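Have a look at the structure below before the remarks.
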Amino acid sequence: MDLTDSGFDESLADFRPIPPELHSVYDCRPFSRCTICSGSLDCVYEIQKVFRGSEVLFEMAICRQCGEQVAKEFSKESIEAMKGFLLSNFRPHEETSHCHFCGFPRELLSGWTTLGACRNEQLIFPLIVVCETCSESLQERLSKATRDLQDEFIRDHFPGVPENIDFSPSVFGV
């Protein structure tokens, strides 16, 4: 897929290699397949990893098509709540040592999520770090139907993931 066909403005991109922090802990290299459809990641995709201390509790690479498919099922209220949260709280900067929403230092966090938007083996934008508190704050704004949908998505595609993991704002809404 060409980025211009996806509605992505390539002039805003800052291409660089995907950092090791976003590599698969299981394969010890960058993701090469969508965790959901197993399709090749030769288009725009997102990587999301949930950490507790230095341990990775959850990781996924999800292609744009799969992410958009899941996001289509979110309630309109939840989509507006996510947009509102992102617009009012996101603090853009390239530094990954602090939460990009509240600014709390990552070294003092017990858990956080790291997000990256990628194309092929390139990071498109700087990493986003979301602390558990900000992730929980976002989750509280979502409708019960959307939270149930997220839980079902995780149960169906990631058996064995600990319950009550708060997922962070996502490029595709997942």
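Tabulated data for the structure shown
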read-out: Matching residues, segment 83-111, being within 25 Å of R16 (Cβ to Cβ), without any contact (Cβ under 8 Å) to a residue 60 or more places away in the chain and aliphatic (A, V, I, L, M); value: L109
read-out: Count of residues meeting criterion [of a type outside the set (V, I, T) and within 22 Å of Q65 (Cα to Cα)] in segment 106-125; value: 10
read-out: Output for segment 122-136, where each listed residue is in contact with a Phe, Trp or Tyr (Cβ under 9 Å, 6 or more places away or on another chain) and open to solvent by 40 Å² or more (accessible area, probe 1.4 Å); value: Q122, I128, E132, T133
read-out: Residue list for segment 51-66, restricted to those being more than 19 Å from P20 (Cβ to Cβ) and out of contact with any Gly (no Cβ under 7 Å at 6 or more places or on another chain); value: I62, R64, Q65, C66
read-out: Scope segment 36-68; condition part of a loop (DSSP other than H, G, I, E, B) and surrounded by fewer than 20 Cβ atoms within 10 Å (Cβ to Cβ); matching residues; value: C37, S38, G39, D42, C43, G53, S54
read-out: Yes/no for T114 being surrounded by fewer than 19 Cβ atoms within 10 Å (Cβ to Cβ), within 23 Å of C28 (Cβ to Cβ) and either of a type in the set (S, T, N, Q) or without any contact (Cβ under 8 Å) to a residue 40 or more places away in the chain (or both); value: no
read-out: Residues (farther than 23 Å from C99 by Cα, within 15 Å of the chain's Cα centre (by Cα) and not hydrophobic (A, V, I, L, M, F, W, C)) located in segment 17-51; value: T35
read-out: Top-ranked residue in segment 99-111 [being over 10 Å from I128 (Cβ atoms) and in contact with a helix residue (DSSP H, G or I) (Cβ under 6 Å, 6 or more places away or on another chain); ranked as modelled with the lowest pLDDT]; value: G111
read-out: Subset of segment 98-111 [assigned to a loop (DSSP other than H, G, I, E, B), within 15 Å of R52 (Cα to Cα) and open to solvent by less than 40 Å² (accessible area, probe 1.4 Å)]; value: C99, L109
read-out: Residues of segment 69-97 that turn out to be β-branched (V, I, T), in a helix (DSSP H, G or I), open to solvent by 30 Å² or more (accessible area, probe 1.4 Å) and within 26 Å of P30 (Cβ to Cβ), as a count; value: 0
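The values are calculated or read from the model by the stated rules, or taken from the named source; none is laboratory data. Quantities reported herein were computed from a predicted structural model and do not represent experimental measurements. Note that each Cβ is placed from the backbone with ideal geometry, even for glycine, and that neighbours are counted across all protein chains shown. Only protein heavy atoms, including side chains, enter the accessible area calculation; ligands, DNA and RNA are left aside. Shrake-Rupley method; radii C 1.70, N 1.55, O 1.52, S 1.80 Å.
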